[in-house]
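Accompanying notes for the structure given below.
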Number of protein chains: 2
Amino acid sequence: MSKILELLVDAVGANVVISGDEMDRATSYWDATPTQAVALARPKTTEQVSKILAICNEHGHPVITQGGLTNCVHSAEAQKEEIILSLERMNEIESIDITGGTATVGAGVILQTLQEACLEQDMLFPLDLGARGSCTVGGNVATNAGGINVLRYGMARQLVLGLEAVMADGTVLSSMNQMLKNNSAYDLKQLFIGTEGTLGVITRINVRIFPKPTTTNAAMLALQDFDSVTKLLNRAQRDLAGNLSAFEVMWGDHYRAVTVEGANRSPMSRDYNYYIMMETEGGDTANDEAGFMSLLESCFEEEIIIDAVIPKSESERIALWDIRENFEAILEPKPIFLYDVSLPIIEMDNYINTVEQQLKDKWTDCEFYVLGHIADGNLHFFIRPNDKADKTAEQLHYDSDEIVYGELQKVNGAVSAEHGIGMEKRAWLKYSRSEEEIKLMKLLKRTLDTNNILNRGRVLGDL
Amino acid sequence: MSKILELLVDAVGANVVISGDEMDRATSYWDATPTQAVALARPKTTEQVSKILAICNEHGHPVITQGGLTNCVHSAEAQKEEIILSLERMNEIESIDITGGTATVGAGVILQTLQEACLEQDMLFPLDLGARGSCTVGGNVATNAGGINVLRYGMARQLVLGLEAVMADGTVLSSMNQMLKNNSAYDLKQLFIGTEGTLGVITRINVRIFPKPTTTNAAMLALQDFDSVTKLLNRAQRDLAGNLSAFEVMWGDHYRAVTVEGANRSPMSRDYNYYIMMETEGGDTANDEAGFMSLLESCFEEEIIIDAVIPKSESERIALWDIRENFEAILEPKPIFLYDVSLPIIEMDNYINTVEQQLKDKWTDCEFYVLGHIADGNLHFFIRPNDKADKTAEQLHYDSDEIVYGELQKVNGAVSAEHGIGMEKRAWLKYSRSEEEIKLMKLLKRTLDTNNILNRGRVLGDL
């Protein structure tokens, strides 16, 4: 047994720290091979987290913090020399305060578990994303998760009122604020939100929750040009005001690719240029539907919308959402590359056209599927080079990145909108952030984690 | 001419840096005596700000950054050994992007100027507070201003997408993000929002703007107990969903004090226990009023509300708001102390009763007037001791603070909800923040401002 393992077991017990074949788990959601690591620590208390980090810090031993392992940028995958610190056992929903609109949870609580506990009390925790069944609230906060409700409720950052974190040296920092307003000096929780575990380990969180909306109105809409898309967005934001909760755009090629035979069924013509899944959530059962329908009608009259499907039941609504959420049909054959970028809305149309042109110039048969939460400035796209020159997947990925991020830099876009940087996007970070910014980030990292033990190498690379 | 003054004039010119009697201005909005300071620098560009700070940093010379001088915690008032850095000339509204919902402004733009420029384009910059005509957007962001629309749009922090700041050593840090979603590594702007100018000088800002709402519905409501207040709040948040924009509560004593003869006119009985100014802003002219009225009707039936006044015109609506905003009638005689705290809503009723009891135990004739943005956890109150023992105002203030903050600590409240810490609340910071938190704040300050030149002494005191 290695020295560090011995020290950890001594400090927190053999039921908390295991190693070797006992660590019977996959590397990540995306990689089924057994994880490698010196040991796996599964503390039950903040005190245990503190002890584990203090020991690792003293020995300069790297630690990788794990939540639900659905990270999209290879951040959570353990390296063989690392100690895995999994928050999975710190999964208690400590309290739900309906009057104050807050919930207190352990970092290891599964997102869907919190969502359901809130719904049982007629409340809503609005953070929502595809990985809801496996990702943890701690991971959501550490990566500042986005998802499908950002337009109305903001990113994870906006939903966090307070948190408790353990710093690299084991210091427990409790900033468990519960109020919407608190200007009592520096808002330290911001150091741990979205820094991908590199500045501390989040152990407990106070989040905002909201009354569960009582009305939902949805429609799948077809439009012919991007100008109409932005017009509709502006109209929806104005007329539906605080109730607009989703405005998801699929470019025509994407829509057609996910509605092929055997995939999702298309409820309308597949020949339009843009498809939008629009939804409102409100509290006024008498009037919300009328307001929603009147917006659609006037946009029809003005020819902003050219076709629409209004679901007549909950199952029809879910089927429409499936078109947006289920893109299995385009994931094969490999290699295919998934992107997550953001850029100003006014630049989007040009950007997509330019990238598409460059991709086709490079690879004649390249497939390019675009969709996005455009109100947030966020586009996702899939690129399948269909390369004939027999390049490796890595090489193709790099070539593809170069086009996508090169053009993005010209419009002041972000190389990561919601997935974070992790290991995958480190090389491209400088396309979105200046030298001065990266220098300051490294200074913060060296100051708060002097021995560079926390998620070493992620986000910033060498310090 | 002192050495530092000479260096500054050489670097940026005598039209930018003035001193002595040329600095013809008051100390602050609250203090009409002429300001003291070594010099007043009024740069027009970020480059000039950078030069000024680089020189001051090299010489370890303290700098106080000034915006509109309406700071409530004595933060912006210059000390005689300081250089004043006023952003007043960096007051350009650079652009307003309606499609993207963003505006780019210099830090010295007056809040009301930005509000009006947005309204001209049918857009809304929702940050709003009493000092709108004098405070600057840079000051709002540096202090994370709150105000009357936080319930719906959040604090200043939530409205900032990106910013440019100059660090103590003159480094220009440009983080001018324009997107709602950007997880491209650390969100550095958080270091400068709400840190009251102690970590850098904000020079430019990208803010979020929204479509201007087309409907407004308002009512002044009377309630008899605090339980009804929280019930109404929960109902309003549920039924009015994203449209609820204000929920301002006045305790009965406050209401009566601001509606005496010669002050605001009371449109209803002055004998109720709680008065609430409630308002929604929406985009559905056909249906918003019906939704608002139906909530009020059902709350009447359930006896949550016992009296109500619905304004029949814009001037009547403004007159109702005046009752909430105009508290001139209670400001004399001095001394009277204004508080700004936050605490969990479920603790409020008990907290107010306990503080009132303690105040009256100490000073038999003590006056105590309470109001608040309670949905944000934020209460303001006025305390006039009416002390018979002839103590100094300072001593009375301290005694009053001790009661207010002592009880606050027991319910995990915040000694500053929106005003910040500045000079005034430094001694009480430890009532809201732990030793570990304050230690980390000081570490950040020492790391980012190694010579402690920026707003020295504010917020954290000795480092």
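The values are calculated or read from the model by the stated rules, or taken from the named source; none is laboratory data. Quick caveat: nothing in here was measured; it's all calculated off a predicted structure. With ideal geometry, Cβ positions are generated from the backbone for all residues, glycine too; neighbour counts draw on all protein chains shown.
Which residues, counting only those in region A:20-35, are farther than 19 Å from residue A:9 by Cβ and among the polar types (S, T, N, Q)?
Across region A:20-35, the qualifying residues are A:27, A:28, A:33.
What about residue A:145, is it under 26 Å from residue B:420 (Cα atoms), of a type in the set (A, V, I, L, M, F, W, C) and surrounded by 23 or more Cβ atoms within 10 Å (Cβ to Cβ)?
The answer is no for residue A:145.
Looking at (1) out of contact with any strand residue (DSSP E or B) (no Cβ under 6 Å at 6 or more places or on another chain); (2) within 29 Å of residue A:459 (Cβ to Cβ); (3) surrounded by 23 or more Cβ atoms within 10 Å (Cβ to Cβ), which is the only condition residue A:201 fails?
If we test residue A:201 against (1) out of contact with any strand residue (DSSP E or B) (no Cβ under 6 Å at 6 or more places or on another chain); (2) within 29 Å of residue A:459 (Cβ to Cβ); (3) surrounded by 23 or more Cβ atoms within 10 Å (Cβ to Cβ), just (1) comes out false.
Whether any residue in region B:158-165 is in contact (Cβ under 8 Å) with a residue 60 or more places away in the chain and buried (at least 24 other Cβ atoms within 10 Å of the Cβ) is what I want to check.
No, every residue in region B:158-165 fails to be in contact (Cβ under 8 Å) with a residue 60 or more places away in the chain and buried (at least 24 other Cβ atoms within 10 Å of the Cβ).
One residue is enough: does region B:59-71 have a residue meeting the conditions more than 30 Å from the chain's Cα centre (by Cα) and not basic (Lys, Arg)?
Yes, region B:59-71 has at least one match.
I'd like to verify a number: residues in region B:209-236 that are in a loop (DSSP other than H, G, I, E, B) and either closer than 29 Å to residue B:97 by Cβ or within 23 Å of the chain's Cα centre (by Cα) (or both), how many?
Number satisfying all stated conditions: 4.
Quickly run through region A:145-174 and pick out the residues that are small (Gly, Ala, Ser), assigned to a strand (DSSP E or B) and more than 7 Å from chain B (Cβ to nearest Cβ).
Scanning region A:145-174 gives A:147, A:162, A:165.
Out of all the residues in region A:219-230, is one or more at the interface with another protein chain (Cβ under 10 Å from one of its Cβ atoms) and among the polar types (S, T, N, Q)?
Among the residues of region A:219-230, at least one is at the interface with another protein chain (Cβ under 10 Å from one of its Cβ atoms) and among the polar types (S, T, N, Q), which makes the answer yes.
Which residues, taken from region B:182-218, are small (Gly, Ala, Ser) and either free of Cβ contacts under 8 Å to residues at least 12 places away in the same chain or at the interface with another protein chain (Cβ under 8 Å from one of its Cβ atoms) (or both)?
Passing the criteria: B:184, B:185, B:194.
If you go through region A:150-195 one residue at a time, how many are closer than 24 Å to residue A:461 by Cα and of a type in the set (Val, Ile, Thr)?
Counting residues in region A:150-195 that are closer than 24 Å to residue A:461 by Cα and of a type in the set (Val, Ile, Thr) gives 3.
Of a type in the set (Phe, Trp, Tyr) and touching a Gly at 6+ places or on another chain (Cβ under 9 Å): which single residue out of A:339, A:351 fits that description?
That would be A:351, the only listed residue that is of a type in the set (Phe, Trp, Tyr) and touching a Gly at 6+ places or on another chain (Cβ under 9 Å).
Every residue, every condition in (1) touching a strand residue (DSSP E or B) at 6+ places or on another chain (Cβ under 7 Å); (2) under 29 Å from residue B:351 (Cα atoms); (3) not assigned by TED's automatic domain parsing to the domain that holds residue B:324, yes or no:
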position	(1), (2), (3)
B:247	yes, yes, no
B:250	yes, yes, no
B:256	no, yes, no
B:271	no, yes, no
B:277	yes, yes, no
B:284	yes, no, no
B:287	no, no, no
B:293	no, no, no
B:307	yes, yes, no
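Among the residues of region B:231-278 satisfying the criterion of being within 12 Å of chain A (Cβ to nearest Cβ) and small (Gly, Ala, Ser), which is farthest from residue A:287 (Cα to Cα)?
Looking at residues that are within 12 Å of chain A (Cβ to nearest Cβ) and small (Gly, Ala, Ser), I get B:245.
Tell me which strands (runs of 3 or more DSSP E) are completely within region A:295-404 and hold 2 or more residues being under 28 Å from the mean Cα position of the chain (by Cα) and aromatic (Phe, Trp, Tyr), or say none if there are none.
Ranges flagged: A:337-342, A:367-373, A:378-384.
Would you check which residues across region A:187-207 are under 26 Å from residue B:419 (Cβ atoms) and in contact with an Asp or Glu (Cβ under 8 Å, 6 or more places away or on another chain) and list them?
Once the filter is applied, which keeps residues that are under 26 Å from residue B:419 (Cβ atoms) and in contact with an Asp or Glu (Cβ under 8 Å, 6 or more places away or on another chain), region A:187-207 yields A:188, A:190, A:193.
Hey, can you tell me all the residues within region B:373-394 that are more than 14 Å from chain A (Cβ to nearest Cβ), surrounded by 14 or more Cβ atoms within 10 Å (Cβ to Cβ) and not basic (Lys, Arg)?
Answer for region B:373-394, where residues must be more than 14 Å from chain A (Cβ to nearest Cβ), surrounded by 14 or more Cβ atoms within 10 Å (Cβ to Cβ) and not basic (Lys, Arg): B:381, B:382, B:383, B:385, B:386, B:387.
Across region B:237-257, what is the number of residues that are modelled with pLDDT of 95 or more, surrounded by 23 or more Cβ atoms within 10 Å (Cβ to Cβ) and not in a strand (DSSP E or B)?
2
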